[in-house]
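Data first, discussion second: the structure below is written as structure tokens.
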Amino acid sequence: MKHITLTFALLALATSSATSADISRTYSYFSIGGNTLSEIEQQLRSRGPHVQSTGQRHPGATRMEFKTKITYEEEKRRCRIADVKVSVDARVFLPRWRNRKTAGPETALIWDTLSKDIKRHEESHLGIAKRYARSIESEIGKLAPHSDCKTLQARAERVAQKKLDEHDAAQVRFDRIESGNFEWRLMRLLNYRLEQLEKGRNPG
């Protein structure tokens with residue numbers, strides 16, 4: 001019995017038979033200024049990370065790399081997949097506002113609400129990535145044995161690429177939905193924050 005372990009990496013946009021799908025993440029921050037909401041918006045448009053898929057700068061971004069490690073087992077002139085593990089290395093880019101002390105309380109409230117929504121949005125991208133990483137593991141793990149490992153490896157790579165293409169489309173679809181309801185979502189969050197502040201001022 002012979003074991004062969006092969007690893008290959010696939011890059012995701014924006015620029016995982018186990019179901020572990022590990023995600024390692026690091027956070028990077030870019031500074032923005034501005035004392036009013038319009039100034040903050042301008043800073044996010046001019047200083048935010050550039051996303052290659054859209055050709056624009058965004059308030060936040062997540063860049064991911066999928067890494068697939070497959071162990072093949074040869075026995076009795078047949079090759080099968082003994083194990084497959086997919087991990088995702090992610091780097092999340094988020095804004096950090098440096099003008100809180102000189103801005104008014106209303107702007108600070110809007111910023112707190114906005115920055116939390118930006119982080120939630122980027123974390124949601126990681127959730128999508130983890131779901132597809134598990135799907136890659138599952139689909140590759142289901143591949144039938146073959147007479148040689150080279151052919152089986154090619155099949156595994158095709159499966160991984162197909163699932164990654166689906167992943168990229170899902171990320172784009174998520175961005176499109178989120179951008180469409182951004183104003184409604186932000187107003188709902190702001191109203192909730194204002195209600196919580198009002199309750200804090202008038203307990204009972």
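The values are calculated or read from the model by the stated rules, or taken from the named source; none is laboratory data. None of the values given here were measured: they were computed from a predicted structure. Reconstructed Cβ throughout: ideal geometry from the backbone, glycine too, with neighbour counts over all protein chains shown. To get the accessible areas, we keep the full protein, side chains included, count just its heavy atoms, and leave off ligands, DNA and RNA. Shrake-Rupley method; radii C 1.70, N 1.55, O 1.52, S 1.80 Å.
Key figures
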quantity	calculated
Tally of residues being open to solvent by 40 Å² or more (accessible area, probe 1.4 Å) and of a type in the set (Ser, Thr, Tyr) across the range 101-137	1
Scan of the range 90-100 for residues that are touching a Phe, Trp or Tyr at 6+ places or on another chain (Cβ under 6 Å) and surrounded by fewer than 18 Cβ atoms within 10 Å (Cβ to Cβ), ordered by number	ARG96
Which numbered condition ARG155 misses (of (1) surrounded by 18 or more Cβ atoms within 10 Å (Cβ to Cβ); (2) farther than 16 Å from SER87 by Cβ)	(1)
When residues of the range 29-83 are limited to those that are among the hydroxyl-bearing types (Ser, Thr, Tyr) and surrounded by 19 or more Cβ atoms within 10 Å (Cβ to Cβ), the one farthest from TRP97 (Cα to Cα)	TYR72
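One line per residue, one yes/no per condition, for (1) touching a helix residue (DSSP H, G or I) at 6+ places or on another chain (Cβ under 7 Å); (2) among the basic types (Lys, Arg); (3) open to solvent by 50 Å² or more (accessible area, probe 1.4 Å); (4) closer than 20 Å to ILE23 by Cβ:
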residue	(1), (2), (3), (4)
GLY141	no, no, no, yes
PRO145	no, no, yes, no
CYS149	no, no, no, no
ASP165	no, no, yes, yes
GLN171	yes, no, no, yes
PHE174	yes, no, no, yes
